[in-house]
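The values are calculated or read from the model by the stated rules, or taken from the named source; none is laboratory data. Because the structure is a prediction, the values reported are computed rather than measured. Note that each Cβ is placed from the backbone with ideal geometry, even for glycine, and that neighbours are counted across all protein chains shown.
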Amino acid sequence: MGNETKKSEELSAMRAMKAVFWSFFGVRRGKDYQADVTHLTPTQLIIAGIVSAILFVAAIVVLVYFVTR
């Protein structure tokens, strides 16, 4: 039963990252939104949003570094 819980947590983490990723672009489908609302907690979405924002800013900084080098 421990494997099911771990797999469920990994899937919900991936679902949260996917929801935040598509939200960054403003693209969401109705069925995806309904699934996210019923399966994700606000804490998962906040953490995924913060991680995604940090990765996005880091990617821009690296890109600017290589372009201006």
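Regarding the range 52-59, can at least one residue be identified that is among the polar types (S, T, N, Q), part of a helix (DSSP H, G or I) and modelled with pLDDT of 85 or more? So far as the range 52-59 goes, yes, one or more of its residues are among the polar types (S, T, N, Q), part of a helix (DSSP H, G or I) and modelled with pLDDT of 85 or more.
Of all residue pairs spaced 6 or more apart or on separate chains, none has beta-carbon atoms under 9 Å together with a first member in the range 50-69 that is more than 23 Å from K18 (Cα to Cα) and a second member that is assigned to a helix (DSSP H, G or I) and at pLDDT 95 or above. Taking T68 as meeting all but one of (1) surrounded by 10 or more Cβ atoms within 10 Å (Cβ to Cβ); (2) modelled with pLDDT of 70 or more, write down the number of the exception. Of the numbered conditions (1) surrounded by 10 or more Cβ atoms within 10 Å (Cβ to Cβ); (2) modelled with pLDDT of 70 or more, the odd one out for T68 is (1).
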